[in-house]
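A short reminder: the numbers here are calculations on the coordinates, not readings from a lab. Quick caveat, the model's predicted, so the values are computed rather than measured. No Cβ is skipped: glycine too gets one built from the backbone with ideal geometry, and neighbour counts run over all protein chains shown.
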Amino acid sequence: MFCISIVIPKLLAEAVRKEGVRIWVTGCATGEEAYSIAILFHEAAQECGFTEKISIFATDAHAGSLRIAANGVYDISRLGQISPEHRERYFQEIAPDQFKVSPELRRMVVFALH
């Protein structure tokens, strides 16, 4: 809770206008952590009125994992820790028990081989 209520709003408040905020997620594997961080920053930005760009750079050494991450499609078992409210807000059901990351969230994250 500390991260959500104190650290993220502080980072947004101290961001240089017009440059936005840049976050690096290392070892992102199939992207769940990167998208989780994107959700945290998106919600904090809405709460404090932050309108600059939030860019999340997510890197991994495994190209196959990065393809999954960039595609942003997960089955329900991979989203088990996400609340129904977050799932409804940030994911689109594309098939029974399969969800795709919303375009809004996907635009925040850039995946790259590292």
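See the values below:
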quantity: Computed E for His86/Arg107 - FRET, C-beta separation, R0 25 angstrom, nearest 0.05; calculated: 0.90
quantity: Over region 1-46: Kirkwood hydrodynamic radius from C-alpha pairwise inverse distances, Å; calculated: 11.4 Å
quantity: Inter-label distance for Asp97 and His114, nm, one decimal - labels placed 7 Å from Cα along Cα-to-Cβ; calculated: 3.3 nm
quantity: Burial ordering of Thr59, Thr51, fewest other beta-carbon atoms within 10 Å first; calculated: Thr51, Thr59
quantity: Cβ-derived FRET efficiency at R0 25 Å, Phe57 paired with Val16, nearest 0.05; calculated: 0.90
quantity: Taking Val25, Val7 and counting other C-beta atoms within 10 Å, the order from fewest to most; calculated: Val7, Val25
quantity: Ratio of the Cα radius of gyration of the chain to 2.2 N^0.38 Å, where N counts its residues; calculated: 1.06
quantity: Region 101-114 - phi-based ³J(HN,Hα) in whole Hz, Karplus 6.51/-1.76/1.60, Gly and Pro as x; calculated: 4, 5, x, 4, 6, 4, 5, 6, 10, 10, 9, 8, 6, 9
quantity: Karplus 3J(HN,Hα) series, Hz, for region 90-98 with 6.51 cos²θ - 1.76 cosθ + 1.60 (x for Gly, Pro); calculated: 10, 9, 10, 6, 10, 6, x, 6, 10
